[in-house]
Amino acid sequence: MNNKATIARIWRGRTPAKTADEYEAYLREVGIPPLVKTALAVQLFREELGEETEFVTTSYWPDFESMAAFTGGDPDKVHHLDRDPEFLVALPERVAIMRILIDRQH
């Protein structure tokens, strides 16, 4: 199996700022662990945007097939967590799936 990331899958969601801490805890408990077990790497980002807070989860995959296997065959489909409708301003309609062209780390 290839252990070098060639694909990044990027999900974005926004919460009201007042519930951002609770949603971050929920992501850490429920959303991130399955990715940590399966993807090559995972990053969770948070940006304060005044009244809202945006979260971005990026997972890295060796190939399209392994990412598709994790998502149940359709990597383009957004897989919402059970409590996402409670927290998110709007349910994301898409994820970005991007080929990694340059991967340089120090």
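Each reported figure results from applying straightforward, stated rules to the coordinates on display, with no laboratory input. Remember, it's a predicted structure, so these values are computed and weren't measured experimentally. Here the Cβ is made from the backbone with ideal geometry for all residues, glycine too, and neighbour counts use every protein chain on show.
Across the options Ile32, Thr57, Thr6, the greatest Cα extent toward the positive end of the charge dipole of the chain (unit charges at beta carbon of Lys, Arg, Asp, Glu) belongs to Thr6.
In whole angstrom, the chain maps to an equivalent ellipsoid with semi-axes of 25, 15, 12, each derived as √(5λ) from the alpha carbon gyration tensor and ordered largest first. Across Gly72, Gly13, Gly31, mean-square fluctuation computed from a Gaussian network of the chain (C-alpha pairs under 10 Å connected) peaks at Gly72.
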